[in-house]
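Take a look at the structure set out below.
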């Protein structure tokens with residue numbers, strides 16, 4: 001008769017054998033629609049040329065529009081793809097998220113590039129995000145479009161930028177802030193703008209064509225075209241090519 005120790009080892013061996021095939025056994029029992037979802041998940045997250053080709057073929061059938069030469073990376077989350085339009089040669093890098101809650105949805109112009117972990121969310125039924133041609137959105141940027149966010153062509157956004165066209169009202173101390181609503185409006189970033197890393201743009205600020213916003217700035221007021229603004233809150237320190245109140249200068 002075997003000892004208690006031998007019995008424990010035997011049970012552990014049975015448990016280990018069962019666990020070795022746990023997901024395989026579960027897969028065999030999946031209904032057809034779940035098997036398709038399983039395979040879709042694999043290919044949407046697989047790192048191979050064949051998987052990338054299959055991703056593009058799949059997204060072409062579900063997106064509102066998908067131009068030529070588009071590249072979509074691994075682990076990309078797209079909610080309501082039928083409300084998303086991509087121009088030619090758009091790049092959506094690994095682990096990006098695009099959430100189109102409104103009919104107007106999200107539009108990426110030709111040549112636009114989203115780097116790793118960019119997050120786009122139209123937020124409400126009235127929201128939308130329109131990103132112009134050849135715009136570069138750096139790693140881990142968070143862009144929201146409560147009443148609309150428009151970014152003009154050839155603009156450059158460095159990493160970790162937040163643009164949120166919404167500000168909570170908090171004046172009533174007897175009422176939860178989440179229940180007090182907020183201020184919101186469409187925000188526009190002009191053409192050929194450069195926003196440095198970790199910039200924050202609030203609902204009350206538009207940025208004019210050709211403006212430059214220094215790293216870490218918090219933009220709460222409109223920035224005129226071709227201005228350079230820095231700080232918290234952001235203040236204009238000069239125009240491009242000219243010091244404020246000083247002689248013209250050249251950058252190089």
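The values are calculated or read from the model by the stated rules, or taken from the named source; none is laboratory data. What you see is a predicted model, and the numbers here were worked out from it, not measured in a lab. Note that we place each Cβ from the backbone using ideal geometry, even for glycine, and neighbour counts take in every protein chain shown.
When you check residue 165 against the structure, is it more than 22 Å from residue 72 (Cβ to Cβ) and crowded, with 23+ Cβ neighbours inside 10 Å, yes or no? I'd like the intermediate steps shown before the answer.
Working: more than 22 Å from residue 72 (Cβ to Cβ): yes; crowded, with 23+ Cβ neighbours inside 10 Å: yes.
Yes, satisfied.
Pick out, from segment 165-252, the strands (runs of 3 or more DSSP E) lying fully within it that include 2 or more residues that are over 22 Å from residue 143 (Cβ atoms) and either at pLDDT 95 or above or touching a helix residue (DSSP H, G or I) at 6+ places or on another chain (Cβ under 7 Å) (or both). Working first, answer last.
On the way: elements: 166-168, 182-184, 187-189, 200-202, 227-230, 235-239.
Filter on segment 165-252 gives 235-239.
Matching residues to (1) modelled with pLDDT under 95; (2) buried (at least 19 other Cβ atoms within 10 Å of the Cβ); (3) within 14 Å of residue 118 (Cβ to Cβ):
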{"residue": "49", "(1), (2), (3)": "yes, no, no"}
{"residue": "52", "(1), (2), (3)": "yes, no, no"}
{"residue": "57", "(1), (2), (3)": "yes, no, no"}
{"residue": "70", "(1), (2), (3)": "no, yes, no"}
{"residue": "80", "(1), (2), (3)": "no, no, no"}
{"residue": "87", "(1), (2), (3)": "no, yes, no"}
{"residue": "90", "(1), (2), (3)": "no, yes, yes"}
{"residue": "97", "(1), (2), (3)": "no, no, yes"}
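Working only within segment 17-41, note down all residues that are closer than 30 Å to residue 89 by Cβ and either in contact with a helix residue (DSSP H, G or I) (Cβ under 6 Å, 6 or more places away or on another chain) or loosely packed, with under 10 Cβ neighbours inside 10 Å (or both).
none
Output the number of residues of segment 118-132 satisfying the condition of being without any contact (Cβ under 8 Å) to a residue 24 or more places away in the chain and at positive phi.
The total comes to 0.
Every residue in segment 43-82 that is in a loop (DSSP other than H, G, I, E, B) and within 15 Å of the chain's Cα centre (by Cα), please. Steps first, answer last, please.
Start the filter on segment 43-82 by keeping residues that are in a loop (DSSP other than H, G, I, E, B), which leaves 46-48, 63-64, 67-70, 73-76, 80.
If the condition is that a residue be in a loop (DSSP other than H, G, I, E, B) and within 15 Å of the chain's Cα centre (by Cα), then 73, 74, 75, 76, 80 are the ones that fit.
When residue 55 is evaluated against the numbered criteria (1) touching a strand residue (DSSP E or B) at 6+ places or on another chain (Cβ under 9 Å); (2) closer than 22 Å to residue 138 by Cα, which criterion, by number, is the only one it fails?
(2)
Against the definition (assigned by TED's automatic domain parsing to the domain that holds residue 158 and at positive phi), how does residue 87 come out, yes or no?
On the way: assigned by TED's automatic domain parsing to the domain that holds residue 158: yes; at positive phi: no.
Here the answer is no, as residue 87 does not meet what is asked.
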